[in-house]
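**Student:** Sharing a structure with you now.
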Amino acid sequence: MSERVISDTEKFSERNRLLVQVDHEICAGFADCVGAAPDVFDLNDDSLAIILDPDAVEADVLVEAAEVCPVSAILLFDEDGQQVAPEL
């Protein structure tokens, strides 16, 4: 199955079977996600998080990146559409 690429703010990780989203409405560019998963996240020219490669790490690293975001701008959803991180 090919990678489902939606945009640089929403990508599906085939490896981890998770949809990764960055909410630019609340992202403040703290870059904690970049520190937690530099192969997955980076900041764009507006200092907002973008997704590079959601398959570059294991699921636990994606969860950690979502959990360390101080404004909860990184969201992870399972294949059923249930939010798995950050914890609600």
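**Student:** With semi-axes √(5λ) of the Cα gyration tensor in Å in mind, check (i) 18, 14, 12; (ii) 24, 13, 11; (iii) 20, 14, 11 and report the label derived from this structure.
**Tutor:** It is the value labelled (i).
**Student:** Taking neighbour Cβ counts within 10 Å as the exposure measure, how do Leu43, Leu88 sort from fewest upward?
**Tutor:** Fewest-to-most Cβ neighbours within 10 Å comes out as Leu88, Leu43.
**Student:** In addition: Calculate one ³J(HN,Hα) per residue across segment 14-28 by plugging θ = phi - 60° into the Karplus curve 6.51 cos²θ - 1.76 cosθ + 1.60, and present them in order as whole Hz with x for glycine and proline.
**Tutor:** 5, 4, 9, 6, 10, 8, 10, 10, 10, 8, 5, 5, 10, 4, 10
**Student:** Next question. How would Ser72, Ser47 line up from fewest to most surrounding beta-carbon atoms within 10 angstrom?
**Tutor:** Ser47, Ser72
**Student:** Still on this model: So which GluC sites (Glu not before Pro) in segment 1-74 end up in coil per DSSP with only 15 or fewer other C-beta atoms within 10 Å?
**Tutor:** Listed in order of number, the matching sites are Glu3, Glu14, Glu25, Glu58.
**Student:** Sort Cys69, Cys33 so the one with the fewest other Cβ atoms within 10 Å of its own Cβ comes first.
**Tutor:** Ascending Cβ contact count within 10 Å gives the list Cys69, Cys33.
**Student:** Please give me, ordered by residue number, the chymotrypsin sites (Phe, Trp or Tyr not before Pro) of segment 1-68 that lie in loop per DSSP and have at most 16 other Cβ atoms within 10 Å.
**Tutor:** Here the chymotrypsin sites (Phe, Trp or Tyr not before Pro) that fit, given the DSSP loop and packing criteria, are Phe30.
**Student:** So what J values fall out for segment 41-53 if you push phi through Karplus, 6.51 cos²θ - 1.76 cosθ + 1.60 with θ = phi - 60°, rounded to Hz, Gly and Pro as x?
**Tutor:** 10, 8, 9, 7, 5, 9, 6, 10, 5, 10, 9, 8, 8
**Student:** Quick check for me: using +1 on Lys/Arg Cβ and -1 on Asp/Glu Cβ, what's the dipole size of segment 5-79 about its Cα centre, in debye to the nearest 20?
**Tutor:** Taking the Cα centre of segment 5-79 as origin, the dipole is about 40 debye.
All of the numbers you see were taken from the coordinates with simple rules; none came from a lab. Everything numeric here is computed off the predicted structure, so don't read it as measured data. A quick note on method: Cβ atoms are made from the backbone with ideal geometry, for glycine too, and the neighbour counts reach across all protein chains shown.
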